[in-house]
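Comments concern the structure below.
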């Protein structure tokens with residue numbers, strides 16, 4: 001990580017890191033050490049964890065915060081127990097409790113749910129929003145389009161913009177800050193300065209063997225300017241830049 005930082009940013013501290021997966025919390029000790037070293041040794045200013053929340057108990061949330069974690073993106077697949085069991089093979093109570101623990105910790109966090117027509121539909125989105133509102137109506141909630149092309153099984157079609165809009169409106173009955181769209185695009189209310197910064201983002205993805213690809217996210221899609229097939233490793237991929245949020249993905 002330090003070598004990648006020097007190669008792509010010289011000595012400039014990284015603005016942000018996003019730790020994603022697989023599921024980063026599967027190795028609890030490693031994740032704590034990763035957060036601590038990103039903050040202290042690599043001098044990352046802002047660290048975000050993307051997680052399904054299943055292993056986030058109250059004590060572990062506080063340890064992550066103390067290690068230097070700044071933000072959490074929590075995936076809530078479904079509020080309905082049967083849908084969640086079908087979706088993940090696991091009960092959803094630990095995930096729902098994780099939302100409470102995160103709120104108690106005062107960590108900045110947001111929740112995301114994938115809208116899957118006929119499975120996780122508008123009614124299910126409303127149930128999740130109602131649950132979150134019982135914790136804090138100010139929780140950020142994002143509704144993401146299901147992408148059949150990226151799924152192992154095409155269990156649903158891609159929802160249309162109107163369906164996303166209806167789901168957002170349903171959630172807004174309970175929560176003040178709701179967005180809808182692509183998982184990789186920030187769509188919450190932004191200041192004018194933030195809006196300009198959000199128009200285009202660039203990642204340099206650094207693999208364990210130091211091969212790279214550059215990805216530019218623009219309104220309406222992505223541009224991949226260079227690609228190298230990644231290799232299997234404990235780190236599956238690292239995104240490094242000096243002026244925008246980045247991501248470290250673990251297997």
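FYI, it's all coordinate maths here, none of it is from the lab. Everything numeric in this text was worked out from a predicted model, so none of it was measured. As a convention, Cβ positions derive from the backbone with ideal geometry for all residues, glycine included, and neighbour counts pool all protein chains shown.
Would you mind telling me the antiparallel percentage of the DSSP bridges in the stretch 56-171, rounded to 5? Close to 10 percent.
By the gyration tensor of its Cα atoms, with a ≥ b ≥ c the square roots of the eigenvalues, what is the shape of the stretch 105-174: rounded for a/c under 1.5, prolate for a/b over b/c, or oblate? Prolate.
Peptide packing for 33-41, 166-174, 152-160 was compared via the average number of neighbouring C-beta atoms within 10 Å per residue; ordered from the highest value, the list is 166-174, 33-41, 152-160.
Checking the a/c ratio against 1.5 first, then a/b against b/c, what shape does the Cα gyration tensor give for the stretch 44-128?
Prolate shape, in that a/c is at least 1.5 and a/b is the bigger ratio.
Computed on the stretch 73-165, with alpha-carbon pairs under 8 angstrom and 6+ residues apart, the relative contact order is 29 percent. Inter-label distance, residue 169 to residue 26: 4.1 nm, where each label sits 7 Å from its Cα along the C-beta direction.
Run the numbers on the stretch 7-93 and let me know its relative contact order in percent, using alpha-carbon pairs under 8 Å that are six or more apart.
Values: 103 pairs, mean separation 24.0, N = 87.
Dividing the mean separation by the residue count of the stretch 7-93 yields 28 percent.
When only Cα pairs under 8 Å and 6 or more residues apart are kept, what is the percent relative contact order across the stretch 25-74? It comes to 47 percent, rounded to a whole number. If you take the beta carbon distance between residue 62 and residue 93 as r and set R0 to 22 Å, what does 1/(1 + (r/R0)^6) give as a FRET efficiency, to the nearest 0.05? That pair, residue 62 with residue 93, gives E of 0.65.
The label-point distance for residue 15 and residue 103, in a model that sets each label 7 Å from Cα toward Cβ, rounds to 3.1 nm. Remark: the Cα gyration tensor places the stretch 1-158 in the prolate category, a/c being 1.5 or greater and a/b exceeding b/c. Site pair residue 155 and residue 135 shows an inter-label distance of 2.2 nm when each label is modelled 7 Å from Cα along Cα→Cβ.
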